[in-house]
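Read through the structure below, which is laid out as structure tokens, and then see the notes.
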Amino acid sequence: MSTAIPRCARLGVAIFLATAARGGLSAADSPGAPVVVAPVEQVELAGAQSFVGTVYPARVSDVGSAVDGRVVRMPVENGQRVSAGEPIAELLRGLLEIERSGAAAELERRAQVLAELRAGSRPEELDQARAIVAGATARVDYARNRLARLARLAERGTSTEDELLVAQTELSQAESLLAGARASLALAEAGPRQEAIAQAAAALAAQEAEVARIDDQLAKHTIRAPFAGWVVERFTEQGQWVARGGLVARIAELDRLEIEVQVPELAIGTLAVGADVRLEIDAAPQHTWIGHLERIVPQADLLSRSFPVKVLLENRVVDGEPVLRGGLLARAWLPVGKTGPATVVPKDALVLGGGQPLVYVVEAATTPGVGTVRPVPVALGTARAGAVEVRGDLQAGQLVVIRGNERLRPGVQVSFTP
């Protein structure tokens, strides 16, 4: 079905309203209530046949707990709408929070150790190592000069052999201390070994993994909704103990619905995935429901020889509540008959909720864009591309109201843009 005419009509109504708002038209000058219209069309359609089906939520999840614990908070009630990721139950986690605080402190300590190693030696430490080397050098010079002086005295016989041996020992000790001080200075100038840095980095990574493990446990102690939907049943209460794998609540996605229809084997061959399907639901007769044939299960029931056909339907939410709910009875009009000429109107032209569906036909007056409306009762057939087959006193080319028809009465004057 072409949408060019409805868009033009909406544009005409918008211009009409904008002109009236600027004062271009007064209430007395207004020729009638502004409406949007579209033509009745004649197309080739397959005949429809009614099949009984059942409304199911698009998804149902029995949400369970991943850990053992006591329920300390249950913030949802049966029938409440929840968003994806919203908490539906919380378990006691005081001990885990204490463990998490200790693990975070240890993580910070290991991070500081690694940062210290990567920064290398501080200038003060290098100055200290150089001062130690300078002191050791001075002691070596002193010991060497003392040994030389005692050696000269020994040549003149004024120094003993024991004094000479003591001086030699002191020189060797001073030289050893000098070598150690120089090695310490070289280490300070070279900085930490790469192996020590790698060990500290590995210790930090291990502690990060420990903190992540505790965070994962903490997250599991808050049980969240896996998708947006409605709580249809609670399985636990505040204060109860929930075992690992124990059920907490049942969530049903009702923004989308799946209608399961059993179709006999003789009619299944004419169906095609993606076809529009008009639905009649007794619980919501004031709405026009058109779904899409989602899939045909390729396995028949061996007793009835009928195939399950799945029809996907977008639900409507009014004041936070879904219009359709799981388990409702539905009648699906499937295109399984012979193809032939059919009269169709846009689905928005239908006025439901009364004793019989009807459409408002515009009877044009002598003034262009102005006319009166009359209701025409119709019987509904199959659906196609946003249009619905109708049977009644309608002819192709007639204009029917598709916007503003909910407030019309027979004989009311309207202004329209065809």
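Tell me the strands (runs of 3 or more DSSP E) entirely within the range 220-308 that contain at least 3 residues that are touching a residue at least 40 places away in the same chain (Cβ under 8 Å) and charged (D, E, K, R). Talk me through it step by step, then tell me what you get.
Values: elements: 222-224, 229-234, 247-264, 276-281, 289-296.
Correct list: 247-264, 276-281.
Can you report the number of residues in the range 343-384 which are in a loop (DSSP other than H, G, I, E, B) and either in contact with a Cys (Cβ under 9 Å, 6 or more places away or on another chain) or within 20 Å of Ile281 (Cα to Cα) (or both)?
First, the residues of the range 343-384 that are in a loop (DSSP other than H, G, I, E, B): 350, 352-357, 365-369.
Next, only the ones that are either in contact with a Cys (Cβ under 9 Å, 6 or more places away or on another chain) or within 20 Å of Ile281 (Cα to Cα) (or both) stay: 350, 352-357.
The total comes to 7.
Could you please give the count of residues in the range 52-77 that are closer than 28 Å to Gly291 by Cα and not charged (D, E, K, R)? Write out each step before concluding.
Initial filter on the range 52-77 (closer than 28 Å to Gly291 by Cα): 52-62.
Next, only the ones that are not charged (D, E, K, R) stay: 52-58, 60-61.
Total satisfying the criteria: 9.
Return yes or no: is Arg149 assigned to a helix (DSSP H, G or I), under 30 Å from Leu187 (Cα atoms), among the basic types (Lys, Arg) and assigned by TED's automatic domain parsing to the domain that holds Gln168?
On the way: assigned to a helix (DSSP H, G or I): yes; under 30 Å from Leu187 (Cα atoms): no; among the basic types (Lys, Arg): yes; assigned by TED's automatic domain parsing to the domain that holds Gln168: yes.
So Arg149 fails the test.
Count, please, the residues in the range 184-221 that happen to be within 16 Å of Arg139 (Cβ to Cβ) and of a type in the set (A, V, I, L, M, F, W, C). Full working, then the answer.
Just the residues of the range 184-221 that are within 16 Å of Arg139 (Cβ to Cβ), to begin with: 184-185.
Add one more test, that the residue is of a type in the set (A, V, I, L, M, F, W, C), and what stays is 185.
Number of matching residues: 1.
Going by the structure shown, is Glu189 under 60 Å from the mean Cα position of the chain (by Cα) and touching a residue at least 24 places away in the same chain (Cβ under 8 Å)? Spell out how you get there, then give the answer.
Values: under 60 Å from the mean Cα position of the chain (by Cα): yes; touching a residue at least 24 places away in the same chain (Cβ under 8 Å): yes.
It is true that Glu189 is under 60 Å from the mean Cα position of the chain (by Cα) and touching a residue at least 24 places away in the same chain (Cβ under 8 Å).
Taking Val52, is it part of a strand (DSSP E or B), out of contact with any His (no Cβ under 6 Å at 6 or more places or on another chain) and not assigned by TED's automatic domain parsing to the domain that holds Val400? Show your work before the answer.
Numbers: part of a strand (DSSP E or B): yes; out of contact with any His (no Cβ under 6 Å at 6 or more places or on another chain): yes; not assigned by TED's automatic domain parsing to the domain that holds Val400: no.
No.
The values are calculated or read from the model by the stated rules, or taken from the named source; none is laboratory data. No experiment lies behind these values; they were computed from the predicted model shown. Quick reminder, even Gly has a Cβ in these numbers, built from the backbone with ideal geometry, and neighbours come from all protein chains shown.
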